[in-house]
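Encoded as structure tokens, the structure appears first; notes follow it.
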Amino acid sequence: MLRGIEIVTGSVGPFIDEVILDYGNRHRRRLVLCGSAGTEFLLDLANVADLREGDGIILSSGEMVRVRAAEEPLMEVRCANAAQLARISWHVGNRHLAAEIGDGVLRLREDHVIAAMIEGLGGAVRHLVAPFNPEGGAYGARALAPSHDAANQVHSNGHDHG
């Protein structure tokens, strides 16, 4: 089986195929993928990748596959003023949720519990389907947001969410 062994950011090709991936699958180290034209390969990287729209995956054959960001259910958050958006952003960040930050707007993955929290804080939530490109972490590649469904959860960084 072909292997995807290297990532080229913002690549211009030439591409033999493309893979359309949601945010979760664009943040992987090892995963079997199949392109739109049928090219099957194992993404086999030394570290977790932060794949973005337009990046190239170099295959073990030397050929390249383009990464496309899939559309997925999102929430777009708008507020009456910047202070209110900053407050909501703080609550979102406190829950370690991946967020795409735009000019006066936040985009988050669809979550009815978080939508209720945002609306309770005075924010307006619009539901849409679009590619999700959240911010990277302050210390390196973007990290997937962990699930916060379980009560009293302790993360690897040692702080408690109970």
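The values are calculated or read from the model by the stated rules, or taken from the named source; none is laboratory data. Here the structure is a predicted model, which means the values were calculated and not measured. In this analysis, Cβ positions are derived from the backbone assuming ideal geometry, glycine residues included, and neighbour counts consider all displayed protein chains. Protein only, heavy atoms only, side chains kept; ligands, DNA and RNA dropped before computing areas. Shrake-Rupley method; radii C 1.70, N 1.55, O 1.52, S 1.80 Å.
Over region 34-125, what percent of the accessible surface lies on carbon and sulfur atoms, probe 1.4 Å? Spell out each step's value before the answer.
Details: 2270 of 4520 Å².
In region 34-125, the share of accessible area belonging to carbon and sulfur is 50 percent.
Heavy atoms of the protein chains alone define the surface here; on that basis region 20-118 has 49 Å² accessible area per residue at 1.4 Å probe size.
Order the peptides 115-127, 15-27 from the highest to the lowest mean number of other Cβ atoms within 10 Å of their residues. Walk me through the intermediate numbers first.
Numbers: 115-127: 14.5, 15-27: 18.2.
The packing order, highest mean first, is 15-27, 115-127.
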